[in-house]
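Colleague: Here's a structure for you.
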Amino acid sequence: MSQLRVLVLYGNQLGGSIPPVLGRLKMLQHLDVKIAGLVSTIPPELGNLDNVNFIDLSMNQLSGGLPPELAGMRQMCEFGISSNKLAGQIPPALFTSWLELISFQVQNNSFSGKIPPEIGKATKLIILFLFSNNLVGHIPAELGELVRLNQLDLSVNSLTGSIPSSLGNLTQLTRLALFFNRLTGVIPTEIGSMTALQVLDVNTNSLEGELPATITSLRNLQYLALFDNNFNGTIPPDLGKGLSLTDASFANNSFSGELPQRLCDGFALQNFTVNHNNFSGRLPSCLKNCTRLFRMRLEGGNQFTGDISKVFGVHPNLDYLDVSGNQLTGNLSSDWSQCTNLTLLNMNGNRISGNIDAAFCELISLRSLDLSNNQFTGELPSCWWKLKSMWLMDLSNNGFSGELPISTSLGLELQSLRVANNSFLGVFPSVIETCRSLAILDLGNNMFFGDIPSWVGTNVPLLIILSLPSNNFSGVVPPELSQLSNLLVLDLSSNSFSGEILTAMPNHNCSLESFHLAGNGFVGAFPPFLQSCNSLATLDIGNNRFVGGIPTWIGSQLPLLNILRLRSNNFTGDIPPELSRLSQLQLLDMAKNSLTGSLPVAFGNLKSMRHNLPPLVQPSRIFHLERVNISWKGREQTFWNGIGLITGIDLSCNLLMENIPDELTYLKGLRFLNLSSNDLSGSIPERIGSLELLEFLDLSSNDLSGGIPPSISNLLSLGMLNLSNNHLWGRIPTGSQLQTLTDPSIYGNNLGLCGFPLSVCEPALGEGTEDHSKVGDLGLCYSVILGIVSGFWLWFGALLFLQQWRFSFLDFVDSLGIKIAAVRR
């Protein structure tokens, strides 16, 4: 054994540890024990193998650190310990001692610390793999001294800082992988010197700036991955010229401008992703001839233009194509039938038009098809359901017409079918009966008619969305729908359904989150089955003929209710105060009923309406565009998912009486409040101005009296106001926003009101006379003083200057004095 030179135990499940006695095999040159189930640490004694030049211990369960004593193996050329559980720092001494080292592979471990700068001493290195560890710090500039390096992979670590410009010295490097780190800065211009480079992968970092023009000097480049960074600017126009690029990914950056028109010069492109950028203009025409194209993504923020049929040709290997959200035009030519391996085709949000050719039915591998939001027209080809591998199909928002084709297949794999907002017609499509895996069905806004078949509740058991609004369906809702135990969304609004809905739905295991019956002819009491729908967030049964009282259990049994719309029915009785327990309620619409009694004081406790931020609504388990009609700013409008920004109460057109509770002014999140056309009395709450977000306020056609509170001028967002047809009086408050409401009719039929925009207020009795009174009083004082002074000088002046008057006056005084003295005696 002492003369043993080669020891190969590769692939044997030895288990256990590496015996330290191996360090005694002084003549050993080659040691291969990979995939052997070893579970020990690496013994330092191996450092005594001063003749060994090859060690491979990869793919075991080795742990601990890398012993510095291994530096004693001074003849080491190839060292591999990948895919273990080794940790700690990489000893710098290895690179100062292993001067013959050509391959160092320690990937897929847990090494930490910095990459030793001493690695630059191993100048014969050809392969350096440090990927998938926990290395930190900067990439050492000393790597630029490894001029023989052919492959460098530092990916999947936590390296920071910039890419050293010294890497430009690695003119023999064919593969540079730095992805999944935290690198910053720009790609250095020196990269253009790495003329042997075939693979450049820096994806998923924080690199920024524009690509250096020198990148076009990489004449051997085949694989370029720049995605998931912060790059910007345009791509050098000559990139790709004369190259045979197989992979080019610029996704998830901020690139702009046109793509280089010679990017696919070699017609070798297989993977091309530029999604989520700001590109515009025409696509490279050479794409049409890239017959090996496998994956292409153009969606997300780009605005590519041009005829789609002039860009795409025959691509028999194409598997994934997403061009959504651009401005592509043209028709789908018969060439598309050649893409027989296509599994995903997403073209939504373009301007593609024309009919779908029957050749399209040859795409039998398709699993996901999205042609929504385009300008397609005509009927679907009768062979349509040859696409029986389809999982997801979205044809919504086009101009398709006619009936959906009949399927001869025993079962389709469809899980989602959306054909809303077209002109499809006919009875409920029979093809759906064969789709037992269907979870989402949206037929909204078409011209379907007739009853809902009872088999919808039995043959399509996995439905979670059943959306049929704005068609011409009629009849009663089949009781079999109660068997859809997974149903989250049911939308039957704007049809011609009739009858009661008492037994049409389940009374247990209700999973509904969104329930829409608005705009039909349903009758009877409030649907009692809803009492068990504890996850319900949206309830819209407006515009029907429901009667009776509003149940008190709504406040306790529907705790997640966000939207409650009961308008335009025949509900009677008081509004239950228990509704105030709905802590997530943001929209309450009970307008146009026959509700009586007073406004519940407890409404001041509606938690979601007390805050001036949109409520945090629990996200639904499925994707569905929520919609509801709101009487907003004088007309009915349809709000889709933006309903989350609207908070309001509409109780107009009822028979409500008594005062408006001051507690309503606690609801500072309200954006609209409509209490018009009731019999409310008393005054407008003084703190009405605390509803700072209010945009719409209608208190018209009531019996309100008193003045308009001055605080109303605090409503700086108020765009519509109506206080007409009441008994209000006094001066209309002024304020910056109120002055923009110039229509006098908003205050009409309040005979005591004055001020802008009505007539100028006349001064009342005593009003405006205060200054005149003060002036009059002051004049009176001066007149009295003047009279006294004048009288004094009139008499005493006469005595002073007229001798006869003076003697008579003194004689009178003397005689008066004698009489007084006689009386005293």
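Colleague: Kindly list, by first and then second residue, each pair from a residue in the stretch 445-458 that is aromatic (F, W, Y) to a residue that is at pLDDT below 95, limited to pairs with Cβ atoms under 7 Å and residues at least 6 apart or on different chains.
Modeller: Once the first residue is aromatic (F, W, Y) and sits in the stretch 445-458, its partners that are at pLDDT below 95 give W455/E433.
Colleague: Which residue pairs have Cβ atoms closer than 6 Å, lie 6 or more positions apart in sequence or on different chains, and pair a first residue in the stretch 694-707 that is among the hydroxyl-bearing types (S, T, Y) with a second residue that is crowded, with 22+ Cβ neighbours inside 10 Å?
Modeller: So the pair list comes out as S700/S676; S701/S676.
Colleague: So D679 passes all but one of these: (1) at pLDDT 95 or above; (2) crowded, with 16+ Cβ neighbours inside 10 Å; (3) in contact with a strand residue (DSSP E or B) (Cβ under 7 Å, 6 or more places away or on another chain). Which condition number does it fail?
Modeller: Every listed condition holds for D679 apart from (2).
Colleague: Turning to a different aspect of this structure: So which residues in the stretch 691-736 are touching a Lys or Arg at 6+ places or on another chain (Cβ under 9 Å), over 19 Å from N749 (Cα atoms) and hydrophobic (A, V, I, L, M, F, W, C), if there are any at all?
Modeller: L691, L693, L694, F696
Colleague: Can you work out which of the residues in the stretch 370-411 that are small (G, A, S) and at pLDDT 95 or above is farthest from L328 (Cα to Cα)?
Modeller: G402
Colleague: Grab the strands (runs of 3 or more DSSP E) fully contained in the stretch 520-562, keeping just those with 3 or more residues being surrounded by 15 or more Cβ atoms within 10 Å (Cβ to Cβ), hydrophobic (A, V, I, L, M, F, W, C) and not assigned by TED's automatic domain parsing to the domain that holds G573.
Modeller: In the stretch 520-562, there are no strands (runs of 3 or more DSSP E) which contain 3 or more residues that are surrounded by 15 or more Cβ atoms within 10 Å (Cβ to Cβ), hydrophobic (A, V, I, L, M, F, W, C) and not assigned by TED's automatic domain parsing to the domain that holds G573.
Colleague: Let me ask something else. Looking at (1) modelled with pLDDT under 95; (2) part of a strand (DSSP E or B); (3) not β-branched (V, I, T), can you tell me which one G573 breaks?
Modeller: The single condition G573 does not satisfy is (1).
Colleague: Here is a further query. Take the residues in the stretch 406-429 that are surrounded by fewer than 18 Cβ atoms within 10 Å (Cβ to Cβ) and of a type outside the set (S, T, N, Q), then tell me which one is farthest from P469 (Cα to Cα).
Modeller: Among those residues, the one meeting the criterion is L410.
Colleague: Among V52, V8, which is more than 19 Å from K85 (Cβ to Cβ), surrounded by fewer than 18 Cβ atoms within 10 Å (Cβ to Cβ) and free of Cβ contacts under 8 Å to residues at least 40 places away in the same chain?
Modeller: Matching residue, one of V52, V8: V8.
Colleague: So, one more: Just give me the residues in the stretch 402-460 being within 18 Å of P381 (Cβ to Cβ) and of a type in the set (D, E), in sequence order.
Modeller: E403, the sole residue that qualifies.
Colleague: Next up: Provide a single number: the residues in the stretch 724-743 that are surrounded by 14 or more Cβ atoms within 10 Å (Cβ to Cβ) and either charged (D, E, K, R) or over 38 Å from the mean Cα position of the chain (by Cα) (or both).
Modeller: 10
Colleague: Right, here's the next one. Sort out which residues of the stretch 215-245 are touching a residue at least 40 places away in the same chain (Cβ under 8 Å) and touching a Phe, Trp or Tyr at 6+ places or on another chain (Cβ under 8 Å), and write them in order of number.
Modeller: Once the filter is applied, which keeps residues that are touching a residue at least 40 places away in the same chain (Cβ under 8 Å) and touching a Phe, Trp or Tyr at 6+ places or on another chain (Cβ under 8 Å), the stretch 215-245 yields A225, F227.
Colleague: Kindly provide the set of residues from the stretch 745-761 that are under 22 Å from L680 (Cα atoms) and under 43 Å from the mean Cα position of the chain (by Cα), ordered by number.
Modeller: S745, I746, Y747, listed by residue number.
Colleague: Which of the strands (runs of 3 or more DSSP E) contained wholly in the stretch 250-299 include at least 1 residues that are more than 19 Å from V199 (Cβ to Cβ), touching a residue at least 12 places away in the same chain (Cβ under 8 Å) and touching a Gly at 6+ places or on another chain (Cβ under 8 Å)?
Modeller: 254-257, 278-282
Colleague: Does the stretch 166-209 hold any residues that are among the acidic types (D, E) and either more than 20 Å from F131 (Cβ to Cβ) or in contact with a Lys or Arg (Cβ under 6 Å, 6 or more places away or on another chain) (or both), and which are they?
Modeller: Those that are among the acidic types (D, E) and either more than 20 Å from F131 (Cβ to Cβ) or in contact with a Lys or Arg (Cβ under 6 Å, 6 or more places away or on another chain) (or both): E190, E208.
Colleague: What are the residue pairs meeting all of these: first residue in the stretch 518-529, first residue on the phi > 0 side of the Ramachandran plot, second residue among the charged types (D, E, K, R) and surrounded by fewer than 21 Cβ atoms within 10 Å (Cβ to Cβ), Cβ atoms under 9 Å, and 6 or more apart or on different chains?
Modeller: G524/E500; G524/R545
Colleague: Take the residues of the stretch 147-166 that are more than 41 Å from the chain's Cα centre (by Cα) and among the aliphatic types (A, V, I, L, M): which is surrounded by the most Cβ atoms within 10 Å (Cβ to Cβ)?
Modeller: The extreme case among them is L149.
The values are calculated or read from the model by the stated rules, or taken from the named source; none is laboratory data. Being a predicted model, the structure only gives us computed values, none of them experimental. Positions of Cβ are backbone-derived with ideal geometry, glycine not excepted, and every protein chain shown enters the neighbour counts.
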